[in-house]
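A quick write-up on the structure given underneath.
The values are calculated or read from the model by the stated rules, or taken from the named source; none is laboratory data. Computed from a prediction, not measured in an experiment: that's the story for all the values here. Neighbour counts run over all protein chains shown; Cβ positions are idealised from the backbone, glycine included. For accessibility, only protein heavy atoms count, side chains too; no ligands or nucleic acids. Shrake-Rupley method; radii C 1.70, N 1.55, O 1.52, S 1.80 Å.
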Amino acid sequence: MHHTGSALNKGVCVIENKKGQVTLGYVYGWIVSIIAMAVATMFAEGAFSPTYITTACIASSGFLCSNPVLHNGNFTVEIGQATGTNWDNVVLCFVPQGSTPPTGSSCPKGSGYSSTNLGTLESGQTATVTFSNMTASTEGEYESGTIWAIYSTPSGVEDTQMATAMLQAQ
């Protein structure tokens, strides 16, 4: 911008380089258009919808939890441990979110709880286990909770949270 110096023209501004401003406005317009189209496409695809939550199993440190599947009320998952200690008399419990975890030497009982006897689980070993009678059994229903192991070692009976599972029935 250029201000003229005469007393008659005080306060009058003259824009000298509109070409650069027009080009910059054009570029900003395209950027905003591209972002708007990307966001609209994501909304159309349901990226901001809770239905994009999928089945996952997050293992605690020293444990493995992979390939979780919830189908017809049965939750199948690969479980493993690498604690450096072999476990005997292993019982695995699925504890629904917000429910009481195991205490002592047995899995809690009640709606949504499920357990399976595994026998021995050596350090570094994995096993595929199935929890039955899960609450979510219809396709699209969700269930979440924790997987606990109750086992004996030379030190005695222990219980440990192995993983957290977020499940969508298939």
Task: Gain in span if fully extended, Thr54 to Ala40, counting 0.36 nm per residue against the direct Cα distance - done: 2.8 nm
Task: Computed FRET value (nearest 0.05) for Gln170 with Glu122, which takes r as the C-beta separation and R₀ as 30 Å - done: 0.45
Open item on the list: Within the range 68-105, list the residues whose amide N lies under 14 Å from a label point set 7 Å along Cα→Cβ of Ser152.
Closed with: 87-91, 105
Task: FRET efficiency estimate (nearest 0.05) - Cβ-Cβ, Ser99 to Ser61, R0 30 angstrom - done: 0.85
Open item on the list: For a quick check: with amide H placed at 1.01 Å from N, whose amide H comes under 5 Å from Ser144's, ignoring anything fewer than 5 positions away on the same chain?
Closed with: Gln97, Leu167
- [ ] Please give the per residue accessible area of the range 88-165, computed with a probe of 1.4 Å over protein heavy atoms only, in Å².
- [x] 50 Å²
Task: Amide hydrogen neighbours beyond the local backbone of Glu122, cut-off 5 Å, H modeled - done: Trp87
